[in-house]
Amino acid sequence: MSTTNTTAADPRSRGKAPAGERVADWADGRLGIYSLAKANMRKIFPDHWSFMLGEICMYSFIIIILTGVYLTLFFHPSMNEVEYHGVYEPLQGQLMSEAFKSTLDISFEVRGGLLIRQIHHWAALIFLAGMFVHMMRVFFTGAFRKPREINWLFGFLLFALGMFTGFTGYSLPDDLLSGTGVRFTQGAILSVPIVGTYISMFLFGGEFPGDDFVARFYSIHILLLPGIMLGLMVAHLILVFYHKHTQYAGPGKTNNNVVGMPLLPVYMAKAGGFFFLVFGVIAAIAAIATINPIWALGPYRPDQVSTNAQPDWYMGFAEGLVRAMPGWEINFWGHTLVLGVFIPLVLFGLVLAIIALYPFIESWITGDKREHHILDRPRNAPTRTAFGVAWVSWYMVGLIGGGNDLIATHFHMSINAVTWFVRIGFFAVPVVAFVITKRICLGLQRRDREKVLHGRETGIIKRLPHGEFIEVHEPLSQEQLYTLTAHEQYRPAEIGPATDENGVERKVSPVEKLRVKLSKRYYGEDSQIAKPTVEEYKEITSGHGHH
Amino acid sequence: MKKLSARRRHPLAAIVVLLIALAATGGLYAVFAPAEKAQADDTAQSLAIEEGQKLYAVGCASCHGTGGQGTSDGPSLVGVGAASVDFQVGTGRMPAQQPGAQIPRKKVIYTQAQIDQLAAYVASLGAGPEIPTKEQYDPAGADSAAGGELFRTNCAQCHNFTGKGGALTKGKYAPTLEDVDPKHIYEAMQTGPQNMPSFPDTTLSEKNKKDIIAYLDAVNSDDTVSHGGMELGGFGPVAEGLFAWVFGLGALIAVAVWVAARTAKAKKS
């Protein structure tokens with residue numbers, strides 16, 4: 001708007017507005033951001049360190065994109081054979097693909113190349129680890145419940161796509177380690193009945209390794225998968241905004257409010273600062289420790305292989321399943337079904353699918369259609385917590401299998417013993433973890449109940465006039481009492497009367513029967529400790545119940 | 001004879017007779033004993049074998065048998081050659097502390113001179129690989145790049161990309177090659193100790209072996225430069241993943257806790 005207008009009625013006649021205001025005004029006149037900013041700038045976010053795990057993921061993803069762009073400037077996604085004459089002595093004159101050579105050049109001859117490469121790779125490992133922990137935080141606090149199931153799936157998809165983006169990136173340098181990984185994957189594809197051979201031929205443009213896969217993996221790695229992931233991440237964030245953030249129970253916090261700090265200025269400053277902290281930590285790690293030193297690994301040749309050939313950690317679980325699986329195979333009519341690889345491949349998908357679908361299973365069991373914005377303490381959902389710990393332990397058993405050789409050499413054990421531990425542990429460890437976790441949760445619930453009813457143990461021993469010793473219990477504050485009793489407890493579902501009001505036998509579907517059975521396991525007497533009621537509390541604190 | 005008979009009872013007579021007798025026997029022996037002149041060059045060797053046999057009887061015979069023929073506790077040493085002894089004893093593997101899946105490298109307890117004597121004795125039991133000379137195993141001037149290719153083709157599947165070692169079945173393992181004397185690497189390839197296959201000159205020529213030694217010298221010795229920082233043992237993604245979780249994510253969570261604990265002044269905490 002022009003400021004030449006000097007009529008007395010115009011407030012701007014007091015002189016030129018400050019430059020910032022004019023810029024804002026200019027932008028608002030064209031983008032209409034004022035109302036958007038007004039609505040969202042005061043958006044409240046609750047403060048808790050565990051709510052920043054997702055931020056670690058987002059920032060490391062941004063770091064990966066930034067460093068990845070730099071790497072694309074120097075990387076040649078080509079499998080043309082060239083002879084190396086660069087600065088790294090122990091590979092002089094060796095034949096290698098252009099992809100491998102350009103990665104060597106990035107490492108040794110491009111300014112800052114090795115640091116950027118290491119930041120990119122370390123950030124990828126941390127990104128996936130961050131997503132895993134973030135997902136577990138959401139799982140154990142029950143943040144996946146309505147209305148956030150879709151967002152849970154988005155997050156899960158980000159994790160799954162992250163695994164494959166990581167895998168394709170790890171394969172690009174065409175070094176001996178990653179080539180072995182690609183060969184492993186091709187073997188897994190080949191084990192799929194009927195379509196496996198076709199998929200393999202299609203993916204590699206003929207027999208393995210061919211001379212196409214680096215270029216193909218390249219466009220998948222830098223374009224297709226990150227594009228989808230970026231879209232999913234934006235959708236994930238939009239839904240976080242739309243649903244508003246969950247919060248832990250406490251005084252003043254209800255299902256209908258969010259208690260915390262506004263986005264601007266507090267949260268923006270914190271989040272912005274946190275980005276640089278994340279970048280700093282990852283850059284420091286990349287400067288301290290080397291990752292994937294491809295010059296030491298050498299160029300890929302299908303006739304060579306090394307021990308310690310493992311994928312990056314997020315695929316280690318799949319590696320472990322294959323390593324632990326007995327080499328079964330069935331031959332019939334000239335066809336081979338390689339169960340030793342195909343079963344692990346199926347299990348790999350199954351283990352991931354179970355955790356992805358869990359929110360839907362739980363909401364089906366509870367039959368709860370309400371929205372939940374207050375988080376559970378893990379102890380207050382013992383069966384869910386036990387299930388989650390069992391799943392994590394399952395995953396960890398697979399990881400142990402993936403590193404069985406290093407565990408054997410570093411702990412002076414037989415690799416066969418480690419493999420057998422994985423085979424048995426795959427079935428036994430989750431069960432044991434489930435039982436133990438559930439017990440611990442119930443124990444913690446009992447402790448909370450004790451604390452509410454009898455107060456905190458102060459450790460002060462008092463001698464009464466008649467000689468008796470008692471420990472002084474200090475009653476909890478009103479806030480603490482509220483926090484410990486804010487959770488609600490489900491009642492186990494009932495199957496209902498066997499006959500309806502007319503005396504006719506009621507038909508109950510087997511699915512419903514299963515649901516009721518599971519509900520009893522989830523919320524029955526053995527699976528939760530009734531939280532103290534107001535009456536119990538009053539009776540005990542009225543004076544005569546004290547001990 | 002009177003003079004003689006007169007002194008027959010002299011107190012020193014017995015000693016004189018003894019001296020004469022000794023001189024006569026010595027002289028006769030010197031004349032009639034089998035000639036040793038022809039084997040004069042081998043005196044040192046036969047001495048070494050003799051000494052080696054004594055050492056063998058004390059340190060080795062309980063498992064390998066009194067004549068190196070082997071027992072249920074140890075293999076026969078006939079034909080293993082001096083190189084085997086120099087490797088096994090020179091790296092401290094032998095004498096073994098206890099039976100097991102594999103005999104580990106440990107403190108060397110014999111001096112090099114004693115090891116040479118043991119080697120001489122074992123070599124005398126049957127022909128086998130000789131201890132290599134310095135020209136044979138010296139990596140100077142060898143092609144480390146060609147050695148790297150040979151290493152990845154023949155060695156890496158057990159010893160890892162750069163010779164950091166790896167697991168074999170049932171508690172056996174391929175040991176790390178870090179700081180192993182080039183002579184011992186050469187001997188190991190030549191003789192195939194314990195669970196390792198042997199690579200005689202017909203499989204890997206002397207030049208090949210030198211190249212491999214040069215490669216290990218370049219990538220896995222004290223002077224090796226790790227270009228990207230700490231190499232985390234050189235074990236690949238398992239070590240890297242562990243590091244990313246513990247130090248990467250660990251540090252970031254610590255930072256997150258720190259950031260979350262610092263909040264605007266309006267809220268007291």
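Below, the figures for the structure above:
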| item | result |
| --- | --- |
| Subset tally (residues that are more than 25 Å from the chain's Cα centre (by Cα), surrounded by fewer than 18 Cβ atoms within 10 Å (Cβ to Cβ) and not in a helix (DSSP H, G or I)) for region A:209-254 | 7 |
| Count of region B:254-263 residues which are facing another protein chain (nearest Cβ under 7 Å) and among the hydrophobic types (A, V, I, L, M, F, W, C) | 5 |
| Those residues of region A:75-102 which are part of a helix (DSSP H, G or I), within 34 Å of the chain's Cα centre (by Cα) and free of Cβ contacts under 8 Å to residues at least 40 places away in the same chain, in sequence order | A:Ser102 |
| Residue in region A:137-147 that is under 30 Å from A:Ile288 (Cβ atoms) and either in a helix (DSSP H, G or I) or in contact with a Ser or Thr (Cβ under 7 Å, 6 or more places away or on another chain) (or both) present | yes |
| 2 or more residues more than 29 Å from A:Gly367 (Cα to Cα): qualifying helices (runs of 4 or more DSSP H) within region A:456-544 | A:478-485, A:534-541 |
| Selection within region A:289-309 - part of a loop (DSSP other than H, G, I, E, B) and within 28 Å of the chain's Cα centre (by Cα) | A:Thr290, A:Ile291, A:Asn292, A:Pro293, A:Asn308, A:Ala309 |
| Subset tally (residues that are buried (at least 16 other Cβ atoms within 10 Å of the Cβ), without any contact (Cβ under 8 Å) to a residue 24 or more places away in the chain and closer than 20 Å to B:Gly166 by Cβ) for region B:223-263 | 10 |
| Tally of residues being in contact (Cβ under 8 Å) with a residue 12 or more places away in the chain and out of contact with any His (no Cβ under 7 Å at 6 or more places or on another chain) across region A:248-288 | 22 |
| Flag if A:Thr254 is within 11 Å of another protein chain (Cβ to nearest Cβ) and of a type in the set (S, T, N, Q) | no |
| Residue in region A:179-193 that is within 14 Å of the chain's Cα centre (by Cα), assigned by TED's automatic domain parsing to the domain that holds A:Ile126 and under 26 Å from A:Pro226 (Cβ atoms) present | no |
| Any hit, region B:139-158, residues being crowded, with 24+ Cβ neighbours inside 10 Å, touching a helix residue (DSSP H, G or I) at 6+ places or on another chain (Cβ under 7 Å) and hydroxyl-bearing (Ser, Thr, Tyr) | no |
| Only one of B:Ala13, B:Ala101 that is surrounded by fewer than 16 Cβ atoms within 10 Å (Cβ to Cβ), among the aliphatic types (A, V, I, L, M) and touching a residue at least 60 places away in the same chain (Cβ under 8 Å) | B:Ala101 |
| Hits in region A:45-74 - residues which are within 31 Å of the chain's Cα centre (by Cα), away from chain B (no Cβ under 14 Å) and part of a loop (DSSP other than H, G, I, E, B) | A:Leu73 |
| Region A:103-117 residues that are touching a residue at least 24 places away in the same chain (Cβ under 8 Å) and assigned to a helix (DSSP H, G or I), paired with ones that are among the acidic types (Asp, Glu) and surrounded by 21 or more Cβ atoms within 10 Å (Cβ to Cβ) (beta carbon under 8 Å, 6 or more apart) | A:Thr103/A:Asp174; A:Thr103/A:Asp175 |
| Only listed residue being free of Cβ contacts under 8 Å to residues at least 24 places away in the same chain and away from every other protein chain (no Cβ under 13 Å), chosen from A:Arg42, A:Arg30 | A:Arg30 |
| A:Leu71, sole failed condition from (1) modelled with pLDDT of 95 or more; (2) surrounded by fewer than 24 Cβ atoms within 10 Å (Cβ to Cβ); (3) over 26 Å from A:Phe208 (Cβ atoms) | (3) |
| Residue list for region A:242-296, filter: closer than 30 Å to B:Val225 by Cα and among the small types (Gly, Ala, Ser) | A:Gly280, A:Ala283, A:Ala284, A:Ala286, A:Ala287, A:Ala289, A:Ala296 |
| Residue tally, condition closer than 23 Å to A:Gly298 by Cβ and either at the interface with another protein chain (Cβ under 9 Å from one of its Cβ atoms) or surrounded by 19 or more Cβ atoms within 10 Å (Cβ to Cβ) (or both), over region B:181-207 | 7 |
| B:Val122 vs. criteria under 16 Å from the mean Cα position of the chain (by Cα), buried (at least 19 other Cβ atoms within 10 Å of the Cβ) and β-branched (Val, Ile, Thr) | yes |
| Selected residue (only one of A:Val322, A:Val351, A:Val305, A:Val389 is among the hydrophobic types (A, V, I, L, M, F, W, C), within 14 Å of chain B (Cβ to nearest Cβ) and touching a helix residue (DSSP H, G or I) at 6+ places or on another chain (Cβ under 7 Å)) | A:Val305 |
| Failed criterion for B:Ala21 (all others in (1) farther than 30 Å from A:Ile415 by Cβ; (2) touching a residue at least 40 places away in the same chain (Cβ under 8 Å) hold) | (2) |
| Residue within region A:407-417 that is touching a residue at least 12 places away in the same chain (Cβ under 8 Å) and either more than 10 Å from chain B (Cβ to nearest Cβ) or assigned to a helix (DSSP H, G or I) (or both) present | no |
| Residues of region B:165-180 satisfying the condition of being within 7 Å of chain A (Cβ to nearest Cβ) and in contact (Cβ under 8 Å) with a residue 24 or more places away in the chain | B:Lys170, B:Gly171, B:Tyr173 |
| Residues within region A:310-335 that are in a strand (DSSP E or B) and modelled with pLDDT of 90 or more, tallied | 2 |
| For A:Leu345: the one exception among (1) assigned to a loop (DSSP other than H, G, I, E, B); (2) within 17 Å of A:Leu190 (Cα to Cα) | (1) |
| Some residue of region A:456-479 being at positive phi and buried (at least 17 other Cβ atoms within 10 Å of the Cβ) | no |
| Qualifying residue in region B:138-145 (condition: closer than 21 Å to B:Ser198 by Cβ, part of a helix (DSSP H, G or I), among the small types (Gly, Ala, Ser) and in contact (Cβ under 8 Å) with a residue 60 or more places away in the chain) | no |
| Set A:Gly169, A:Gly181: member being in a helix (DSSP H, G or I), within 14 Å of chain B (Cβ to nearest Cβ) and touching a His at 6+ places or on another chain (Cβ under 6 Å) | A:Gly169 |
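Residue-wise test of (1) surrounded by 15 or more Cβ atoms within 10 Å (Cβ to Cβ); (2) part of a helix (DSSP H, G or I).
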| site | (1), (2) |
| --- | --- |
| B:Ala30 | no, yes |
| B:Ile49 | yes, yes |
| B:Ala57 | no, yes |
| B:Gly67 | no, no |
| B:Gln88 | yes, yes |
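The values are calculated or read from the model by the stated rules, or taken from the named source; none is laboratory data. These figures come from a predicted structure and were not determined experimentally. Here Cβ is always computed from backbone atoms with ideal geometry, including for glycine, and neighbour counts include all displayed protein chains.
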